[in-house]
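Quick notes on the structure that follows.
The values are calculated or read from the model by the stated rules, or taken from the named source; none is laboratory data. The model shown is predicted, which means the values in this text are computed figures rather than measured ones. Heads up, the Cβs are rebuilt from the backbone with ideal geometry, glycines too, and the neighbour counts pull from every protein chain shown. When the accessible area is computed, the model is the full protein with side chains, heavy atoms only, and any ligands, DNA or RNA have been set aside. Shrake-Rupley method; radii C 1.70, N 1.55, O 1.52, S 1.80 Å.
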Amino acid sequence: MSMFFEYEVRLSGLDVDGRGICKASGLLNHLQNAATLAAEDGGFSREVLVERYGAFWMLARSRFRLSQPLRYEDKVTIRTWHRGGRAALMYRDYDILANGQLVGESVSAWVLASLETHKLMKLGTIAELQGTGGGALCKTMTLAKLRQPGDLVEVERRPMRYSDTDLNGHVNNTRYADFACDAVGMERLSDDRYLAELQIGYLAECRPGEVLSIQTSGLGDSRFVRGVDDAGKPRFEAALYFGETPV
């Protein structure tokens, strides 16, 4: 049996940029909300994992691709399900619809970690997960580590601030999309182009007071962005692909 969860939202002024197009961080925020509500609906919410297993979910990688941009006041439906699994990594799939039309998809990779040690835990230990996957709906896309180019150039040094944080006290996953979009100058994007695909790898947590060197590489429709701390340790990486806006 296939199990999925649907989340609906009408895009507001908080989701979009000056062109009225949904920002990557806005879409990722709604995808994350859908995942959270789906977990609650499935019986394996944050509260359940903390209380019964002393565990929590960590987002490792995420990717979306769109056949057209999402726009202000679009009615967006996100249909989501997970693929199950017994090892340390679980994939969650998403279909993205705008005003009833399928316009994109997303995949995210999650790991289960111990609250006490932060060591990874096997998914098979979570009884509530068993038998609740998407079945025949499941996608085959997997998320490999991004290939890092050798000609990265620093474009800014970005402090991590209080306003970047979430419930866990570290920089929220969606903020890295903002860092990447700022780094490539999305405000200069011409009207005939849009962000068609984005993949982000979350390599290590960031907290307020830390500073990242934001580095970029690539030109035109393919760009790579990386955030590195003062010790030279990468904290996040992102690949952005731009497409031609449909007429």
Next on the checklist: Among the residues that make up region 105-116, is at least one of them assigned to a loop (DSSP other than H, G, I, E, B), of a type in the set (D, E, K, R), farther than 27 Å from L195 by Cα and in contact with a Gly (Cβ under 8 Å, 6 or more places away or on another chain)?
Outcome noted: yes
Item to check | All positions within region 30-49 that are under 19 Å from N99 (Cα atoms) and either among the hydrophobic types (A, V, I, L, M, F, W, C) or open to solvent by 60 Å² or more (accessible area, probe 1.4 Å) (or both) | outcome: L31, A34
Checklist outcome for this item: When (1) under 18 Å from the mean Cα position of the chain (by Cα); (2) touching a residue at least 24 places away in the same chain (Cβ under 8 Å); (3) closer than 28 Å to L123 by Cβ are applied to L70, the one that fails is (3)
Next on the checklist: Which of the numbered conditions does I214 fail, given that it passes all the others? Conditions: (1) part of a strand (DSSP E or B); (2) under 17 Å from the mean Cα position of the chain (by Cα); (3) among the aliphatic types (A, V, I, L, M).
Outcome noted: (2)
Checklist outcome for this item: Of those in region 207-237 that are touching a helix residue (DSSP H, G or I) at 6+ places or on another chain (Cβ under 8 Å) and closer than 14 Å to V171 by Cβ, the residue most open to solvent (accessible area, probe 1.4 Å) is P208
Next on the checklist: For region 65-89: of the residues being in a loop (DSSP other than H, G, I, E, B) and within 25 Å of G18 (Cα to Cα), which is most open to solvent (accessible area, probe 1.4 Å)?
Outcome noted: Y72
Checklist entry - Which of the following residues is among the charged types (D, E, K, R), open to solvent by 30 Å² or more (accessible area, probe 1.4 Å) and assigned to a strand (DSSP E or B): R92, R52, R61? => result R61
